[in-house]
Amino acid sequence: MMKRTLLMAATAASLFTLGAQAADGEAVYNKSCMFCHASGVGGAPRAHDEAAWKSLMDKGMPAMLKAVKEGKGNMPPNAMCGSCTDEEFKESIEFMAKKKQK
């Protein structure tokens, strides 16, 4: 009985963590990324357009973080989020690169 309770608690905690990460990525997107990535202004890949993000994501997350932090094309350094951590950038990139959940 105790093992089952611990297993259920661990499962619930991991699901909560996954949900929080998705929410954090969406929050950063809403705060700093959507201005360009919602419409694709300035050549920005549109959020949730998996085809537009595939070649970028294929370069790997370290390359993606470097582009965000240094700026690329029309995107300024730190992508309009000077207070964001690498983890928050990563979560927002992952949020934008995936098909929108309904």
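General remarks:
- Only a single item in (1) loosely packed, with under 15 Cβ neighbours inside 10 Å; (2) at pLDDT 95 or above is not met by Leu56, and it is number (1).
- Qualifying residue in region 3-24 (condition: within 24 Å of Ala79 (Cα to Cα), assigned to a helix (DSSP H, G or I), modelled with pLDDT of 95 or more and of a type in the set (D, E, K, R)): no
- Residue-level analysis places Gly42 outside the set of residues that are modelled with pLDDT of 95 or more, out of contact with any His (no Cβ under 7 Å at 6 or more places or on another chain) and on the phi > 0 side of the Ramachandran plot.
The values are calculated or read from the model by the stated rules, or taken from the named source; none is laboratory data. Predicted model only: the values in this text are computed from it and were never measured. Counting neighbours? That spans all protein chains shown, and the Cβs are built from the backbone with ideal geometry, glycine included.
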